[in-house]
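Worksheet for the structure shown next.
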Amino acid sequence: MGCGRVGSSLATELEALGHTVSIIDQSREAFRRLGPDFKGRTISGIGFDRDTLLEAGIETADAFAAVSNGDNSNILAARVARETYGVGNVVARIYDPGRAEIYQRLGIPTVATVIWATDQIMRRLVPEGSRSEWRDATGSIELAEVHPHLEWFGLPITHIESSTQARVAFITRLAEGLVPNEHTVLQEGDLLHMIIETARVAEVEAILAAEPLEHP
């Protein structure tokens, strides 16, 4: 639902991956963004209207994305898709970060646009410390790229986790992702990606910015 810049990009990318796509928008003019090669179905109407959803094929849909420019419309359409038609994969884009937690509690995965954009910009403005890569809708947990002191290189990932009480989710090594195990050692040049409680981000940053207090 929604054939703006995000919706049209999603539709064309999903179709390129071999999926059958229907896209809904109130304005037929919006479908011009799809280009002449789009083979999917275009439906002019209100995205949470049941007749419109049925015309789009909601009864056989595997996934539904509500990415119009209205928070209320997005969450309403997402709930109808999930609760009325049992669509398994549903997501709603939300502009107002204050609403994201409420919607998450309703069981609707949300993308809080403002929070995401702020994090991405901050990653480029302030490269030191940690850089948030993902945050859950409640704002209580985040995935952060952390830059440790040089003395941490050569130590086991298990030592980093025990020292910080935070989980190492993965490492980027030589431009490839690596899920660590109990034998993995942090090497110079590795990028460290950690799951951290948001309230403890500054604490974990401080621990890793200093030399390790003790070696294993």
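Taken together, the values in this text are just the output of simple stated rules run on the coordinates, not laboratory data. Here the structure is a predicted model, which means the values were calculated and not measured. Don't worry about glycine lacking a Cβ; one is built from the backbone with ideal geometry, like all the others, and counts go over all protein chains shown.
What the table shows:
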item: Calculated [θ] (222 nm, deg cm²/dmol) that DSSP helices of n ≥ 4 give over the chain, each run adding -39,500 (n - 2.57); result: -9000 deg cm²/dmol
item: Along the chain, longest interval not containing exposed GluC sites (Glu not before Pro), exposed being DSSP loop plus at most 16 other Cβ atoms within 10 Å; result: 1-127
item: Gain upon complete extension [Ala63, Arg28; 0.36 nm per residue less C-alpha separation]; result: 10.4 nm
item: Rounded to whole Hz, the Karplus (6.51, -1.76, 1.60) HN-Hα couplings of segment 143-152, x for glycine and proline; result: 9, 10, 8, 10, 10, x, 4, 4, 5, 6
item: Projected label distance in nm at Glu182 and Ser162, using a 7 Å step from Cα toward the beta-carbon; result: 1.1 nm
